[in-house]
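Comments concern the structure below.
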Amino acid sequence: MKRQISSNMSFAFCTMGIVLAVCAIPVVADTHTVLSGQKIQTAINAATNGDQIEVKPGTYKEAIDFKGKAVRLYSSGGPSVTTINGNNAYHVVKCVSGETAATILDGFTITGGNANSADPNNSGGGLINDHGSPTLTNLTFSSNFAGYGGGMANSDASPTLTNLIFASNHADNWGGGMYNFYSNPTLANLTFWGNSATTYGGGMDNYYSDPTLTNVTFSNNSGFYGGGIYNEHNNYTIRNSILWGNT
């Protein structure tokens, strides 16, 4: 006797095929648009991993936290016309939740950070990066203040930085432009200009850190020790770079 598949069984197989086909549809990332007058943080809160957030030109008076999300936050007009002003916020940008290279910040001026109180963790006025490795590109950090790392502070972190400017940032202690603490950032095509530190590293301070610097310029920075760069307990690499006019 020939075995036959009943009509009910055929329907079941067909249905299963439909379900499998639906499950195979890839998830499409969203692009969130932030207009002048809106909040960037609102878009970050709504985004999921893989999404993009496009910010239109304007000045956004707020502090933002990536919250560990693998999103690309970028401006449509670039840092000359798009500013995130923390307005004396403790940190203008926070990467403190295990951000990876898939967390991208691209095309802003970061200013108005003031992590400069008696708090022992007063680091990173412009950006604090703790145990993270975000990708930072096409950014300007200017007029930020902190006890450590006026422009940016990295702690146990390995971020990738490309095409950045650190200008006129100040630290009461170490690292006017950038402070690296047990961190190994990779820097390419950066300029540190006019940053200052009351004690160590007007442009950059490296403590138990091994940064790699390529095509980096340090000029007109000042510090009591190490006007351009101050290094302690580290093995950094510097290539094709210029240090001049630091005091």
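The values are calculated or read from the model by the stated rules, or taken from the named source; none is laboratory data. Everything numeric in this text was worked out from a predicted model, so none of it was measured. Reconstructed Cβ throughout: ideal geometry from the backbone, glycine too, with neighbour counts over all protein chains shown. All accessible areas refer to the heavy atoms of the entire protein, side chains included, with ligands and DNA or RNA removed. Shrake-Rupley method; radii C 1.70, N 1.55, O 1.52, S 1.80 Å.
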Query raised in the report: Protein chains only, probe 1.4 Å: how do ILE64, ILE238 rank by accessible area, largest first?
Result: ILE238, ILE64
Report summary line: Expressed in nanometres to one decimal, the distance between label points 7 Å along Cα→Cβ at ILE242 and THR33 is 4.1
Report task. Treating the angle as unsigned and between 0 and 90°, give the value, to the nearest 10°, between the Cα long axis of helix 7-23 and the longest Cα principal axis of the chain. Result -> 10
Query raised in the report: Residue by residue through region 68-76, which ³J(HN,Hα) values in whole Hz follow from phi under the Karplus form 6.51 cos²θ - 1.76 cosθ + 1.60 (θ = phi - 60°), with glycine and proline marked x?
Result: x, 7, 8, 10, 9, 9, 9, 9, 7
Query raised in the report: Counting pairs of alpha carbon atoms under 8 Å apart in space and at least six apart in sequence, what relative contact order in percent does the chain give?
Result: 10
Requested in this report: Show me 75-82, 153-160, 190-197 ranked by packing, highest mean number of other Cβ atoms within 10 Å first.
Outcome: 190-197, 153-160, 75-82
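Using a probe radius of 1.4 Å on heavy atoms only, what accessible surface per residue do you get for region 24-149? Whole Å² is fine.
Details: 5260 Å² over 126 residues.
Result: 42 Å² of accessible area for each residue.
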Query raised in the report: Could you work out the helix-only [θ] at 222 nm for the chain, with each DSSP H run of four or more residues adding -39,500 (n - 2.57) and the total divided by the number of residues, to the nearest 500 deg cm²/dmol?
Result: -3000 deg cm²/dmol
**Report entry** Approximate spin-label separation THR48-PHE224, in nm, with each point projected 7 Å along Cα-to-Cβ
**Finding:** 5.3
Report task. Run through the DSSP bridge list for the chain and note the antiparallel percent, rounded to the nearest 5. Result -> 0
Report summary line: A student asked for the Cα radius of gyration and Dmax of region 104-209 in angstrom ought to give 11.7, 34
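Could you sort LEU164, LEU35 by accessible area so the largest value comes first, with the probe set to 1.4 Å? Don't skip to the end; give the middle numbers.
Details: LEU164 0, LEU35 85 Å².
If we order LEU164, LEU35 from most to least accessible, we get LEU35, LEU164.
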Query raised in the report: To the nearest 0.05, how large is the calculated FRET efficiency for VAL81 and GLN41 if R₀ is 22 Å and r is the Cβ-Cβ distance?
Result: 0.65
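Per the Kirkwood definition applied to all pairs of different Cα atoms, how many angstroms is the hydrodynamic radius of the chain?
Values: mean 1/r = 0.0529 Å⁻¹.
Its Kirkwood hydrodynamic radius stands at 18.9 Å.
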Requested in this report: Could you run the Debye sum over the Cα atoms of region 31-104, one equal point scatterer each and no solvent, and tell me log10 of I(q)/I(0) at q = 0.16, 0.20 Å⁻¹, two decimals?
Outcome: -0.52, -0.82
Query raised in the report: What FRET efficiency, computed as 1/(1 + (r/R0)^6) with R0 = 22 Å and r the Cβ-Cβ distance, is obtained for THR212 and THR100, rounded to the nearest 0.05?
Result: 0.75
Report task. Give the distance, in whole Å, between the Cα centre of region 157-178 and the Cα centre of region 225-247. Result -> 13
Query raised in the report: Where the accessible area of region 137-247 is counted over protein heavy atoms with a 1.4 Å probe, how much of it, in %, is carbon and sulfur?
Result: 49
Report summary line: P(r) of region 82-160 over all Cα-Cα pairs, 10 Å bins starting at 0, rounded to whole percent, reads 23, 53, 23, 1
